[in-house]
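Here the structure comes first, spelled out in structure tokens, and everything after it is commentary.
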Amino acid sequence: MTDSRTRFLLSEDGIPTHWVNVLPDLPGDPLPPLSPATMQPAGPDDLAAIFPMGLIEQEVSPEPLIAIPDAVRAAYKLWRPTPLFRAHRLEADLETPARIFYKYEGGSPAGSHKPNTAVAQAYENAKAGIAKLATETGAGQWGSSLAFACTLFGLECEVWMVGSSYDQKPYRRSMMQTWGATVHRSPSDRTQSGRANAEHATGSLGIAISEAVEVAAQAPDTNYALGSVLNHVLLHQTVIGQEAIAQMALAEAVPDVVIGCVGGGSNFGGIVFPFLREKLAGQRDVRFVAAEPAACPTLTRGVYRYDFGDTAGLTPLMPMYTLGHDFVPPPVHAGGLRYHGDSPVVSALVKEGLVEARAYRQNETFEAALRFARTEGIIPAPEPAHAIRAAIEEAEQAREAGEQRTILFNLCGHGHFDLAAYDAFLAGTLEDPEFSEADMEAALARLPETPAIA
Ligand SMILES: Cc1ncc(COP(=O)(O)O)c(C=O)c1O
């Protein structure tokens, strides 16, 4: 008999009590970040100018599980646990024997997975007596999430929004302002980093990060908040994977492959790490696939080196796949995936062969997004449309091979503010911007001298 169940729901008690920290599970000692001033390993003091100690401790913690503070868990109750769906209609449309499941994070107040870390970061900063958080936003999802979280914990919020997204998505700005945030188009003339990059009018995440870090480093009552890349951010997102493990058990299904899109790595780490821990412990046999844009192919074409997290070189250097910190990716609509670098942990997993990375072009990604919207109903954000593309590829391979396969992917946000991109696709005017190998080589030539990494 075919299983016709579609939604797999947990009660409030199903909100995890801990975050999963995979640092202790990884082979070897983690490579330390380097101080931008000395190029020597950065200690907690190097981070204390812009982050509260509670988050710095999470960043370097050797503990396998970290308790979620009660106030953060209470905030999670506004939208968690999130549903897990079986994509029956997409499966039928693909005529595949594969079973496709997706975890949907788009029901949060801001419309994506980003509030999972925003509330945790706002909580720790408020506890440390900080008055204001400065940040960047690409797609507008992170800025909205932090604006929402700041309003819950009584903090001010100032956001530098990447120029191309600011122009494409005016209502994301309205949303941030509704939650009380101040929003600037980046590059702006309010910071030295912005003024130095005025010729890159479309902006980039790297430039916007420099602007926000510069402001946070200069004001004692202001800290910086990052929506991706750092260990503590990925840690906070592991509520996704833990809930998904419980929901896949409800569905009596075991995933053969878990898929997420990767910008800086946070929604990917969030769904994958709880499964990865079980795989590394020999309790599970599962593959992991990271999907990224062909126009900003950090994991598939970048080099594995120490690099800055921002364009101006203000942040510590991290060991990661990078296209070069001053590489400005073409303005694809998946603004959240336009980042030159990646999470050090996700980078190390790709390097070790534990994660397979794939890159997709903008039009094939939107084709997948439309197919999903017309079968499953939800209009996906352009970022997770890359994960949908990879899931469809897996389902088609299963059909060709005549093989049962269970696929799980993270649908990390809705696309209600991305309809200009859908308009372009429907009108046949959406472009497939080219990645420039020459620009990457030029940016890589400007990387600082740092210790080589194997
Ligand atoms: C909906 C959505 N998905 C994915 C991303 C990429 O970030 P990450 O790789 O940290 O999940 C973003 C970033 O803004 C986003 O808004």
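Give me the percent relative contact order of the chain, please, defined on Cα pairs under 8 angstrom at least 6 residues apart.
19
With no other cysteine's Cβ closer than 4.7 Å, which Cys residues of the chain count as lacking a disulfide-compatible partner?
CYS261, CYS296, CYS412
Only four residue types carry charge here, +1 at the Cβ of Lys and Arg and -1 at the Cβ of Asp and Glu. Report the dipole size of region 12-123 about the Cα centre in Debye, rounded to the nearest 20.
The dipole magnitude comes to about 500 debye.
Going by alpha carbons, how many degrees (0 to 90, nearest 10) lie between the helix axis of 205-218 and the longest principal axis of the chain?
That works out to roughly 50 degrees.
Taking neighbour counts of Cβ atoms within 10 Å as a proxy for exposure, in what order, fewest first, do GLU105, GLU199 appear?
GLU199, GLU105
Given the rule -39500 (n - 2.57) for each run of at least 4 DSSP H residues, summed and divided by the residues of the chain, what is its mean residue ellipticity at 222 nm, to the nearest 500 deg cm²/dmol?
-11500 deg cm²/dmol
Anything over 23 Å Cα to Cα? Flag those among LYS114/LYS169; LYS77/LYS114; LYS77/LYS127; LYS77/LYS279; LYS77/LYS103; LYS279/LYS351, in the order listed.
LYS77/LYS279
At a threshold of 8 angstrom on Cα-Cα distance, excluding pairs fewer than six apart, so keeping six or more, what relative contact order does region 140-191 reach in percent?
44
Just add up the charged neighbours of PHE417: K/R +1, D/E -1, any other residue whose Cβ is under 11 Å from the Cβ of PHE417.
+2
If amide H atoms are built 1.01 Å from N in the plane of the peptide, which residues on other chains or at least 5 residues away come under 5 Å of the amide H of HIS184?
When sequence neighbours closer than 5 places are left aside, the close amide H contacts are VAL159, TRP160, MET161.
Quick one: longest stretch of the chain between exposed loop trypsin sites (Lys or Arg not before Pro), exposed meaning at most 16 other C-beta atoms within 10 Å and loop per DSSP?
285-445
Which percent, nearest 5, of DSSP beta bridges in the chain are antiparallel?
Taking every DSSP beta bridge within the chain, about 35 percent pair in antiparallel fashion.
Bear in mind these aren't lab numbers, they're just calculated from the coordinates by the rules spelled out. Bear in mind the structure is a predicted one, so any value in this text is a computation, not a measurement. Using ideal geometry, Cβ is built from the backbone for each residue, glycine included, and neighbour counts are taken over all protein chains shown.
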